[in-house]
Amino acid sequence: MKNGIANGVDRGRPGFTPWFWSGRLPAKIEAAIVVCVFAAVIAIMIFLFEMPGPLVVHLQDDVKEPIKGARVSCTSPDGATSYAGTTDAYGEAKWPGLAKGAWKCEVTPPDRYHSPVQVGFAAVVSRHPAIWITSVERPGRILVQVVRPQGSPRAKVAVRASCGKDGWEARAGLVDGFVTLYVPHGATCRVGLVRPELPGDGPPTNTQLQCSDAPCTGELSAGVGEAANAVLKPTPEQWAALRPPPEPDKP
């Protein structure tokens, strides 16, 4: 006995029993709900920790500027699934929630870079993004001024750079006559006026020049990211023969 209590414990004092241990039916239901909630939370946490990270393909040039408009295609590790897209303003193409493993990606830079397809691999793992960064060198540029003959009508004449099997065609500005041609860096090119093959800018299927009938420049070249300048001065007869027909008035 201690202070009138047997063995220091008041046998008559009621103890605390949790509600869900009371054995009553409502308590059992509440206990089951609590267990289910905790199990669901644990399952969601496991799912989030095992969720695969996104696959990101980043294309940039030699000065680490992002390249927009490149075509990207990625194939799953088993080869059964593939995804395609284009790079955005940040030079990225991305896909979330892909299967884990090594994905094979192919990047086709825009035509003006005159670059072959880039191939690489990125391993998709849990939580962390799989990033593959590849780069291409900037093309050379030839800045051409087409001098319109005095008194001739304005026209967006076609200017072509011939660099062997490669070339680039673009339309000169209607007002100022300036045009930029993108050529392979280091290649030897000639520039001249031609009959238009393309409605805008791009690599033509025919890279030949008719220098006997239209003005041409001598051999030009530009290094990585560099620019060369040229001036073309057609005669009124050449201008009339090469300028495209006037566009119809819009309704």
### Task
If a cysteine in the chain has no other Cys Cβ under 4.7 Å from its own Cβ, put it on the list, ordered by number.
Cys36
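Relative contact order (percent) for the chain, with alpha-carbon contacts under 8 angstrom and 6 or more residues of separation?
With pairs under 8 Å counted, the relative contact order is 16 percent.
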#### Entry: Arg138 long-range amide H proximity, modeled H, under 5 Å
Asp62, Gly225
### Query
Helix 25-50 sits at what angle to the longest principal axis of the chain, using alpha carbons and giving 0 to 90 degrees rounded to 10?
30
### Loop trypsin sites (Lys or Arg not before Pro), segment 148-220 (other Cβ atoms within 10 Å of the site Cβ: 15 or fewer; DSSP)
Arg154, Lys165
### Summary
Long-range share for segment 154-197, i.e. C-alpha pairs more than 16 Å apart as a percent of all pairs, stands at 34
### Summary
Ignoring ligands and nucleic acids, Asp176 exposes an accessible area, probe 1.4 Å, in Å² to the nearest 10, of 90
### Column: log10 I(q)/I(0), Debye, Cα scatterers of segment 125-228, q = 0.16, 0.18 Å⁻¹
-0.67, -0.82
## Note on the structure
Kirkwood-based Rg/Rh on the Cα set of the chain evaluates to 1.47
## Note on the structure
Going residue by residue through segment 212-219, the Karplus relation 6.51 cos²θ - 1.76 cosθ + 1.60 with θ = phi - 60° gives ³J(HN,Hα) values, rounded to whole Hz and with x marking Gly or Pro, of 6, 10, 8, x, 9, 9, x, 6
### Summary
HN-Hα couplings for segment 102-117 via Karplus (6.51, -1.76, 1.60; θ = phi - 60°), in whole Hz with x for Gly/Pro, come out as 8, 9, 9, 10, 10, 10, 10, x, x, 4, 5, 7, 6, 10, x, 5
#### Entry: Derived scalar couplings ³J(HN,Hα) [segment 84-92; Karplus, 6.51 cos²θ - 1.76 cosθ + 1.60; whole Hz; x for Gly, Pro]
10, x, 10, 6, 8, 5, 8, x, 10
### Query
So for the pair Ala102, Phe178, with labels modelled 7 Å out along Cα→Cβ, what separation do we get in nm?
4.9
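The values are calculated or read from the model by the stated rules, or taken from the named source; none is laboratory data. Just so you know, these numbers come straight off a predicted model, no measurement behind them. Cβ coordinates were reconstructed from backbone atoms using ideal geometry, including for glycine residues, and neighbour counts include every protein chain displayed. Note: accessible area is taken over every heavy atom of the protein model, side chains too, but ligands, DNA and RNA are not part of it. Shrake-Rupley method; radii C 1.70, N 1.55, O 1.52, S 1.80 Å.
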